[in-house]
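Worksheet: one structure, shown below.
The values are calculated or read from the model by the stated rules, or taken from the named source; none is laboratory data. In this text the structure is predicted, and so the values were computed from the model without any measurement. Cβ placement follows ideal geometry from the backbone for every residue including glycine, while neighbour counts extend to all protein chains displayed.
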């Protein structure tokens, strides 16, 4: 990987406070409001408490927003001519991909790190292994949303793609059981959406297959269900990316 380009790209992202606000500050603020100030935050669930569950959910939203934003930006750069400029340099395409991947994971680690720090300071409680495993799953699993962001960047070929993908991501986060515990038909629908599987995997070390709806009733969240959801949506996003790349190449 090209360390110089990575630092340039990182500094460029850090110079955009508006994007960082939505990626880092908003999920952290939502955790403080819904994860540590509510009276039910201390209630014990699984290997921890409700505050821990909310912490993981908000981290999932922040990480997904981060990776989708970076990948969408990369797609726009390529379609607007930056790829041709890089082709004039000795840098390989694989190096460009590695830099963007490392950048995505770095930015995704920001909301996860901040929210986990706030959780540690405030009311989040869980076993040490739950803290570690959930953080690793969040960071690695967020790469699925790099594909998600790439789809919008390739389709719109402008900054509009990032705005649309961010807006849709808010809806997906609600349906994915991140903002409020769903139940009934809404939960059934939510289990078919991409953020559900990602968040359920991250919360599995806490719940170990048993979640809770908005009424406090236990809800089965088996590991196979989360894995299937994550795997199917990753495949769908990957196929759409390949299709859009080939479509763009044919036009050229």
Test each condition in (1) modelled with pLDDT of 90 or more; (2) in contact with a helix residue (DSSP H, G or I) (Cβ under 7 Å, 6 or more places away or on another chain); (3) surrounded by 14 or more Cβ atoms within 10 Å (Cβ to Cβ); (4) in a helix (DSSP H, G or I) for residue 162 and report the one that comes out false.
(1)
Under 8 Å between Cβ atoms, which residue pairs at least 6 apart in sequence (or on different chains) link something in the range 1-28 that is surrounded by 15 or more Cβ atoms within 10 Å (Cβ to Cβ) with a partner that is assigned to a loop (DSSP other than H, G, I, E, B)?
2/91; 5/91
Check off (1) surrounded by fewer than 23 Cβ atoms within 10 Å (Cβ to Cβ); (2) modelled with pLDDT under 75 for residue 75 and give me the number that stays unchecked.
(1)
If we keep only residues of the range 124-148 that are in contact with a helix residue (DSSP H, G or I) (Cβ under 7 Å, 6 or more places away or on another chain) and not in a helix (DSSP H, G or I), then the residue nearest to residue 196 (Cα to Cα) is 142
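Can you tell me which residue among 212, 198 is touching a residue at least 24 places away in the same chain (Cβ under 8 Å) and in contact with a helix residue (DSSP H, G or I) (Cβ under 6 Å, 6 or more places away or on another chain)? Show your work before the answer.
On the way: 212 fails: in contact with a helix residue (DSSP H, G or I) (Cβ under 6 Å, 6 or more places away or on another chain).
From the options 212, 198, the qualifying one is 198.
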Would the range 213-226 turn up any residue that is in contact with a strand residue (DSSP E or B) (Cβ under 9 Å, 6 or more places away or on another chain), modelled with pLDDT under 75 and either part of a loop (DSSP other than H, G, I, E, B) or under 20 Å from residue 60 (Cα atoms) (or both)?
yes
Just checking, does the range 105-123 include any residue being outside any helix (DSSP H, G or I), modelled with pLDDT under 90, in contact with a helix residue (DSSP H, G or I) (Cβ under 7 Å, 6 or more places away or on another chain) and surrounded by 15 or more Cβ atoms within 10 Å (Cβ to Cβ)?
yes
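Quick one: in the range 34-51, of everything that is part of a strand (DSSP E or B) and surrounded by 20 or more Cβ atoms within 10 Å (Cβ to Cβ), which residue is modelled with the lowest pLDDT? Give the steps one after another, and end with the answer.
The initial filter retains those residues of the range 34-51 that are part of a strand (DSSP E or B), namely 44-45, 48-49.
Still in the list and also surrounded by 20 or more Cβ atoms within 10 Å (Cβ to Cβ): 45, 48-49.
On the way: 45: 85, 48: 88, 49: 89.
If we take residues in the range 34-51 being part of a strand (DSSP E or B) and surrounded by 20 or more Cβ atoms within 10 Å (Cβ to Cβ), then 45 is modelled with the lowest pLDDT.
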(1) crowded, with 16+ Cβ neighbours inside 10 Å; (2) over 14 Å from residue 176 (Cα atoms); (3) out of contact with any helix residue (DSSP H, G or I) (no Cβ under 6 Å at 6 or more places or on another chain) all hold for residue 205 apart from (3)
